[in-house]
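FYI, it's all coordinate maths here, none of it is from the lab. Note that the structure is predicted; figures quoted are calculated from it, not measured. Because the Cβ atoms are built from the backbone with ideal geometry, glycine has one as well, and the counts that use them run over all protein chains shown.
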Amino acid sequence: MRTQHYCLLAVILLSIPFISFGQNHAKGYYKDLFIDGGVLLSSYPDLPAANYLNLSVEIFNTSKNEDLNALDTLIQTLLFSGSEIDENGILLYPDGAPRFRMIYTNGGKATSHGRSLGEKGRENVRRFVAEGGSYLGTCAGAYIASKGFVKDSGIVDVPEYYGIWPGYTRGTTLNKSFTSLFVEKGSPLLQYYSFGGDMVIDSVRHNGGCFAWMENNVPKGTEVTLRYDGDTLNIERNIHREVAGWAYKASEYDGRVVLIGSHPERVVSGERLELMSAMIKYALDGNGRPRLKGILENGEPREMKCSTSDNNPEFTKIGDRQYHHFAVNIPKGTDKITITISPQKGWEEFDLYLFANPETFAFNDNSLYVNVGNGVTKDLTIIKPAAGRLYISVFCATTVDTEAASYGQQYTGRLGVLNGVPYTISVFY
């Protein structure tokens, strides 16, 4: 069947308040941004900088603090931790790879939000970044990304935080106010905008945010992007030239974490919009490198049929708009090589594409050899292939549909793809 709807858990899941817009799909991801406006975080109908950059976005919003109820927490758990119809959760593909290019976390109450996610939800965010998805957080979104915070009495580790930037924050004591930000000399954000050329961004909203604690325990590779101008502020703690914005990337395979203690996210014009846009761009440019599922051997079929719960990502089913990457080492003097993909029983009518390219990862826009017909069954035959490594990829073109619901959009249509499409891939030479 081409269309399927689920009952029971679907009744709850299909009322999830997430909104989608934009059609700019990056390679190997379902969409660009997932915005977390969940339990005890601020909730907004959009993100102006994402509109400005024409990015594809889904947003999860809950009720306002005073109206929160058990359904908000249940929906959030189904989203972040998984459900019967989406075992891996909305952030991850069945193999644990990031389904979105980036998570953005709103301001709000960091510890309470982290606690509401539970350990599974927090661990899925950590895995999202470790597998190559990037993260942007403002205010509470910066706090929760750290390992904890610094008080006058010392360092406090917070188990409800993600630790995806393994350093510590310190509260500014500045509330319901504004401050200018100095753009750090050599800041990576300057590759996107000049911010008027004066290295200062005026009047950025601030409400109980933080700065990066740089006195000790600073993770190697932390990049300073912005500093506070607190010279004229009469507040309890001197924050002048403390680190207001920073970034971190653990390895070439991890996503980039971009953080700021202030609130530029609701601005719709000017340098503050450019600031938020630059941080998004820097995060997206920091997605992790692709990984190979494995090296294919002559005449040995490889069954990609495991589920998330099998914890065997090298042999797990493919998700919507995802690439699986393989390679084969072709001997000298090979007359021809044939690559095939075939369906598992009952999954014939999902659309998988096949790509191959010498010496570099194969995508739809760079591959020398392509088969993009309907269905799962595919083959590519290459006559007199060059000796050496040939990169092969399988792309799942089937994805879910969205339609309007009371809180935004809901998933409909080919929901089976959320738990992955199984297939078999083989090479013969």
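Data table
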item	result
Label-to-label distance, nm, for residues given as Asn216 and Val200 (7 Å Cα→Cβ offset)	3.6 nm
Antiparallel bridge percentage (DSSP; both residues within the chain; nearest 5)	75 percent
Ranked list, fewest to most other Cβ atoms within 10 Å of each Cβ, for Leu55, Leu275, Leu284, Leu368	Leu368, Leu284, Leu55, Leu275
Eligible aspartates and glutamates near Lys176 by straight Cα distance, threshold 12 Å, same-chain separation 8 or greater	none
Rel. contact order, % - alpha carbon contacts under 8 angstrom, at least six apart, the range 287-429	36 percent
Neighbour-count ranking [beta-carbon atoms within 10 angstrom, fewest first] of Asp157, Asp32, Asp202, Asp67	Asp67, Asp157, Asp202, Asp32
Pairwise label distance in nanometres, Asn311 with Arg126, each label 7 Å out on the Cα-Cβ vector	1.4 nm
Neighbour-count order for Trp165, Trp347, fewest beta carbons within 10 angstrom listed first	Trp347, Trp165
Per residue, the convex hull volume that the Cα atoms of the chain enclose (Å³)	145 Å³
Relative contact order (%) - criterion: Cα under 8 Å, at least six apart; region: the chain	17 percent
Anchor Lys384: aspartates and glutamates whose Cα lies under 17 Å away (excluding residues fewer than 8 positions away in-chain)	Asp335, Glu359
Kirkwood-Stokes translational diffusion coefficient of the range 110-160, alpha-carbon pairs, 25 °C, 0.890 mPa s, µm²/s	210 µm²/s
Surrounding net charge for Arg302, when Lys and Arg each add one and Asp and Glu each subtract one, Cβ distance under 13 Å	-1
Within straight-line cross-link reach of Lys345, aspartates and glutamates at Cα separation under 13 Å, skipping those fewer than 8 residues along the same chain	Glu303
Euclidean distance between Cα centres, the range 326-362 to the range 99-169, Å	39 Å
